[in-house]
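The values are calculated or read from the model by the stated rules, or taken from the named source; none is laboratory data. What you are looking at is a predicted structure, and each value in this text was computed from that prediction instead of being measured. Reconstructed Cβ throughout: ideal geometry from the backbone, glycine too, with neighbour counts over all protein chains shown.
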Amino acid sequence: MLKKHKAYWVLAFFAVVLISVSVFLSGCGKTQTAENKVAPQQGYLAPDFELEDLTGEQIALSSLRGKTVVINFWSMGCSYCLQEMPDFEAFNRSKPEDVIVLMINLDKDRSRLAAYINNQGYSFNVLKDEVGDTARSYLIRGIPTTLVIGKDGVVMHRVEGLINLDDLNRIVNNEPPNKVPFSL
């Protein structure tokens, strides 16, 4: 009986030592902070992507570091998306030089896309996410969805739903929009 009792205490001692060492070692590694963690959320590094524009040029988000990037996910079948397009165009024409607008289209059939953009006279960059990989990496649950990525590649704002010119200007200047932004 004494041997069983002694074996129990030895086993308990080793369990405590093992747990203590595990806890100690888990704190010795590099800590993850919002600045080095990738997520489509405010305060985190934006997921990188590379998409083709309407001219066939590949554009990678990572190549735009040093600029503020406004990303809008949209579809031609979304009436709210089409409703906010004139505001994005007005913003694009009046934005500072260190800001770029990327309109990421999610339509699988792109046959009408270039004609629509040209007929409307829009000058912003339209990228094609026909497979939806970028939308999935940004956890897009509904459109339109707009994100502002800071010059350092970190998500500054995320707004799900219709956005207007005034709010675009506000969030690019890192001011809160009149509309409540949606955060994941």
All but one of (1) out of contact with any Asp or Glu (no Cβ under 6 Å at 6 or more places or on another chain); (2) without any contact (Cβ under 8 Å) to a residue 24 or more places away in the chain; (3) at negative phi hold for Ala60; state the number of the condition that does not hold.
(1)
Number of the exception - Ile117 against (1) touching a strand residue (DSSP E or B) at 6+ places or on another chain (Cβ under 6 Å); (2) closer than 23 Å to Leu139 by Cβ; (3) among the aliphatic types (A, V, I, L, M):
(2)
Subset of segment 92-102 [within 19 Å of Asn119 (Cα to Cα) and surrounded by fewer than 17 Cβ atoms within 10 Å (Cβ to Cβ)]:
Arg93
Per the list (1) within 19 Å of Gln58 (Cα to Cα); (2) touching a strand residue (DSSP E or B) at 6+ places or on another chain (Cβ under 7 Å), residue check on Gly132 breaks on (2)
Any idea which residue in segment 136-145 is nearest to Pro96 (Cα to Cα), counting only those that are more than 9 Å from the chain's Cα centre (by Cα) and not in a loop (DSSP other than H, G, I, E, B)?
Thr145
Failed condition for Ala115, given (1) among the small types (Gly, Ala, Ser); (2) over 29 Å from Gly66 (Cβ atoms); (3) not in a helix (DSSP H, G or I), with all others met?
(3)
Residues that are assigned to a strand (DSSP E or B), modelled with pLDDT of 95 or more and among the polar types (S, T, N, Q): does segment 77-97 have at least one?
no
What pairs come up if the first residue lies in segment 147-166 and is closer than 23 Å to Pro86 by Cα, the second is among the polar types (S, T, N, Q) and part of a helix (DSSP H, G or I), and their beta carbons are under 8 Å apart, counting only those six or more places apart or on different chains?
Leu162/Gln83
I'd like to verify a number: residues in segment 63-98 that are among the small types (Gly, Ala, Ser), within 17 Å of Val172 (Cβ to Cβ) and touching a residue at least 24 places away in the same chain (Cβ under 8 Å), how many?
2
Report whether or not Glu89 is surrounded by 20 or more Cβ atoms within 10 Å (Cβ to Cβ) and out of contact with any helix residue (DSSP H, G or I) (no Cβ under 7 Å at 6 or more places or on another chain).
no
Going through segment 70-92 one residue at a time, which ones are of a type in the set (D, E, K, R) and touching a Phe, Trp or Tyr at 6+ places or on another chain (Cβ under 9 Å)?
Glu84, Glu89
Selection status of Leu127, modelled with pLDDT of 95 or more, assigned to a strand (DSSP E or B) and closer than 18 Å to Lys108 by Cβ
yes
Criterion first (surrounded by fewer than 19 Cβ atoms within 10 Å (Cβ to Cβ), in contact with a strand residue (DSSP E or B) (Cβ under 9 Å, 6 or more places away or on another chain) and polar (S, T, N, Q)) does Asn174 satisfy it?
yes
Give the residue that is farthest from Ile100 (Cα to Cα), with candidates limited to residues of segment 39-74 that are surrounded by 15 or more Cβ atoms within 10 Å (Cβ to Cβ) and hydroxyl-bearing (Ser, Thr, Tyr).
Tyr44
